[in-house]
Amino acid sequence: MVQCEMCGAETASPKKIKVEGAELDVCDNCADFGTEVKTQQTSSTSTKYSTSSSSGKSSGSTSTSRSSSGGSRSRPSDMFDDMDEIAQDYDDRIRNARESDGLSQEDLAKELNEKASLIRKLERGDMLPSDSVQKKLEKKLDISLNAGSSGADDEEWSGGSSTGGTTLGDVVKRKD
C-alpha cells in the first residue's frame, strides 16, 4: 500500500498527477485536483535530465576546478552555483546609498526610469529587485547588492553527521 501524497490515505494503485508543476502520486479521490501524467516506459539508465557534466551548457572547467581544490567532492554543476545571491540587507544598502547621494526616492526613480513606488517597496524590503533594476541601482548608486560568493563557503565546508549524511543542523545558519 502506498500513501497518497495529498490526503495521506492508503491506496493500492496510486495515480501520478501534476498539480502546479509538481508530480504527485495520489489516490483516486485526489486525482481530480490535477492533470494525469502519462508515463512512458524507458530504460532505467535513461533520465529526463542529464546528471553528467557532459552537457553542452556546463563547462568542464567549473567541475574540474571544484574537484581539484583539494576535496574528493564530486557534485555535478548546478545552475544555481553560477547565480549571484542578493544580500539580505539590500534594502538598507539602497536606502543608505540614496541618502548619501542626497536623492529622494522620487529623484532616484526618475533617474532610473522607474516608478517611485518601486523604490519605496525595495527600501521597505517588500520586494526583491529584478535583475535589470538591480543593475541600474548598482550602477547609479555605486553599490553591490550581491551577498558575495556563496560557492566559496561550500568548498571549504567539510561538515556532516557521524553517520556520514548531511543533516539540517549542518547546513542551517542561525540568525541570532
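Residue count for the stretch 14-31 under the criterion of being small (Gly, Ala, Ser) and either assigned to a strand (DSSP E or B) or free of Cβ contacts under 8 Å to residues at least 12 places away in the same chain (or both): the result is 2. On the stretch given as the stretch 93-135, residues that are of a type in the set (Asp, Glu), assigned to a helix (DSSP H, G or I) and farther than 19 Å from Met83 by Cβ total 5.
Can you confirm whether Glu138 is farther than 19 Å from Asp89 by Cβ and outside any loop (DSSP other than H, G, I, E, B)? Taking the combined requirement at face value, the residue does not satisfy it.
Identify all residues within the stretch 1-35 that are open to solvent by less than 70 Å² (accessible area, probe 1.4 Å) and among the acidic types (Asp, Glu); write none if there are none. Within the stretch 1-35, Asp25 is the sole residue that qualifies. No other residue among Ser54, Ser77, Ser46, Ser61 is in a loop (DSSP other than H, G, I, E, B), of a type in the set (S, T, N, Q), open to solvent by 70 Å² or more (accessible area, probe 1.4 Å) and at pLDDT below 85 apart from Ser54.
The values are calculated or read from the model by the stated rules, or taken from the named source; none is laboratory data. No experiment lies behind these values; they were computed from the predicted model shown. Don't worry about glycine lacking a Cβ; one is built from the backbone with ideal geometry, like all the others, and counts go over all protein chains shown. To get the accessible areas, we keep the full protein, side chains included, count just its heavy atoms, and leave off ligands, DNA and RNA. Shrake-Rupley method; radii C 1.70, N 1.55, O 1.52, S 1.80 Å.
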